[in-house]
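The values are calculated or read from the model by the stated rules, or taken from the named source; none is laboratory data. Computed from a prediction, not measured in an experiment: that's the story for all the values here. All Cβ positions, even for glycine, are placed from backbone atoms using ideal geometry, and neighbour counts span all protein chains on display. Ligands, DNA and RNA are excluded from the accessible area calculation, which covers all protein heavy atoms including side chains. Shrake-Rupley method; radii C 1.70, N 1.55, O 1.52, S 1.80 Å.
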Protein chains: 2
Amino acid sequence: MRIAVLGTGVVGRTIATKLVQLGHDVTVGSRSQLNPAADAWKFPGGRSAAFDTFAGAAAAGDLIFNCTNGAATLTALDMAGPRNFDGKVLVDVANPLDFSTGSLRLIYCNGDSLGERIQAALPDTKVVKALNTVTAPVMVDAGRVPGDHVLPICGNDEEAKQAVRDLVACFGWDQRRIVDLGDITAARAQEAHLFMWLALADALDTYEFNFGLAVRSK
Amino acid sequence: MRIAVLGTGVVGRTIATKLVQLGHDVTVGSRSQLNPAADAWKFPGGRSAAFDTFAGAAAAGDLIFNCTNGAATLTALDMAGPRNFDGKVLVDVANPLDFSTGSLRLIYCNGDSLGERIQAALPDTKVVKALNTVTAPVMVDAGRVPGDHVLPICGNDEEAKQAVRDLVACFGWDQRRIVDLGDITAARAQEAHLFMWLALADALDTYEFNFGLAVRSK
């Protein structure tokens with residue numbers, strides 16, 4: 001599949017590397033096509049991704065991962081050219097984190113979310129919020145964490161959610177691990193999970209964890 | 001133990017009933033001592049709680065559960081008389097929920113929490129946030145939900161947290177299930193969990209669930 005990965009931070013590099021390993025035709029987009037971080041990036045096995053601007057990458061992908069910094073996502077998507085997303089699936093992995101006060105805040109929160117902002121900015125795009133609730137190495141390899149932990153996803157388009165389910169199955173997230181939280185307003189829950197996620201990471205002294213579900217039988 | 005339960009909603013009734021069953025000397029506090037809801041309340045086994053005003057109950061308890069509506073908690077604690085809490089452990093079970101817009105919002109959120117507001121209002125009280133992350137029947141009976149699900153707690157005072165651990169052990173929350181998230185600022189995480197909790201409740205079509213932890217070994 002022709003896949004664009006927007007963002008060259010840890011999340012973008014981790015996802016792009018995995019997609020290349022899986023044999024996809026990957027274009028990585030960043031603010032500038034001449035990106036020293038991207039140039040220094042070593043892909044395993046001799047294969048590589050193409051590198052382009054946000055706009056070039058978005059145009060090249062049939063499915064697009066948003067791995068930009070959540071604080072800069074809306075600007076990055078605007079730079080990428082909204083038309084380049086029309087009719088496509090956008091997997092929003094970003095969290096709108098703000099540590100400027102010394103503790104975690106979310107830029108959009110409490111009745112708002114980045115996922116919804118993206119969907120509003122790109123009304124002809126099928127936005128699916130996914131993978132934002134785990135650390136990057138676990139995103140692309142669910143088996144790094146033992147047990148029946150789960151991946152919440154949400155979005156307005158059922159076919160788009162199915163496409164994302166199929167794709168993340170190759171990251172180890174088989175269908176029974178995926179919890180569909182409904183439409184894109186559930187991005188509020190997935191992003192607000194960062195408060196609990198970070199508190200648990202501190203308590204557990206690791207980022208390599210996830211939550212599972214225990215449910216009473218009816 | 002002499003325990004006060006402030007609030008006569010589902011959470012207060014559930015916790016007070018369980019504490020009476022466990023043999024504690026329970027005083028339930030409400031806005032008015034003449035409370036039709038409380039009068040109609042049937043305790044199992046012929047034992048009962050005493051009923052009093054918020055102030056009378058707080059004065060009678062050595063340990064106090066805040067089970068008031070989170071939107072009204074600070075007013076209720078003021079009515080109860082801050083002096084009645086001095087030196088005591090206050091277990092804050094409340095969530096500052098606001099459904100006035102039709103979807104969930106939190107009155108204190110994103111760098112703030114009810115738990116912190118209570119601690120600030122009652123500086124000589126040892127506030128422990130606990131049990132707010134599960135539905136009432138599960139609060140007092142962890143075994144209603146199968147599996148190794150967990151209970152986050154937080155607070156500034158280690159002895160107070162240990163007292164709460166000991167008490168909730170009698171609700172089925174044995175020590176390995178309890179995750180200490182640190183000081184009372186982690187109430188931000190425990191309260192913001194309500195966004196994910198409610199989304200999961202919708203997806204699972206039940207309130208009788210909880211989350212467990214899956215952690216990669218180091």
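Tell me, what is the percent relative contact order of chain A, built from C-alpha pairs under 8 Å that lie six or more residues apart? Relative CO of chain A lands at 17 percent. Checking the Cα-Cα distances for B:Lys88/B:Lys129; B:Lys42/B:Lys129; B:Lys126/B:Lys161; A:Lys42/B:Lys218; A:Lys18/B:Lys218; A:Lys161/A:Lys218 against a 18 Å cut-off, the pairs over it are B:Lys42/B:Lys129; A:Lys42/B:Lys218; A:Lys18/B:Lys218; A:Lys161/A:Lys218. A:Tyr207 sits with roughly 130 Å² accessible to a 1.4 Å probe, with DNA, RNA and ligands left out of the calculation. With the helix formula -39500 (n - 2.57) applied to DSSP H stretches of n ≥ 4, chain B reaches a computed 222 nm mean residue ellipticity of -9500 deg cm²/dmol.
The angle between the Cα long axis of helix A:10-21 and the main principal axis of chain A comes to about 70°, on a 0 to 90 degree scale. For the pair A:Phe99 and B:Asp180, label points projected 7 Å from Cα toward Cβ lie 2.5 nm apart. Going by Cα centres, the range B:121-159 and the range B:53-98 are how many Å apart? Using only Cα atoms to place each centre, the spacing works out to 15 Å. Computed over chain B, the P(r) tail beyond 26 angstrom holds 31 percent of alpha carbon pairs. Round to the nearest 0.05 the FRET efficiency obtained for A:Asp148 and B:Ala169 when R0 = 35 Å and r is the Cβ-Cβ distance. That pair, A:Asp148 with B:Ala169, gives E of 0.85.
Compute the signed sum of charges (Lys and Arg +1, Asp and Glu -1) over the other residues within less than 13 Å, Cβ to Cβ, of A:Arg2. Overall, the nearby charge balance is -2. Here, the protein assembly as shown has an Rg and a Dmax of 24.0, 78 Å when only alpha carbons are counted. Full extension of the chain between B:Arg31 and B:Ser48 gives 4.2 nm of extra length, using 0.36 nm per residue less the Cα-Cα distance. Basic side chains Lys and Arg get +1 at the Cβ, acidic Asp and Glu get -1 at the Cβ, and with that the dipole of the range A:1-134 about its Cα centre reaches some 320 debye. A cut-off under 11 angstrom between Cβ atoms defines the neighbours of A:Tyr207, and their net charge, with Lys, Arg +1 and Asp, Glu -1, is -1.
Couplings 3J(HN,Hα) for the range A:205-210, derived from phi with the Karplus relation 6.51 cos²θ - 1.76 cosθ + 1.60 (θ = phi - 60°), are 6, 7, 8, 8, 8, 7 Hz, where x marks Gly and Pro.
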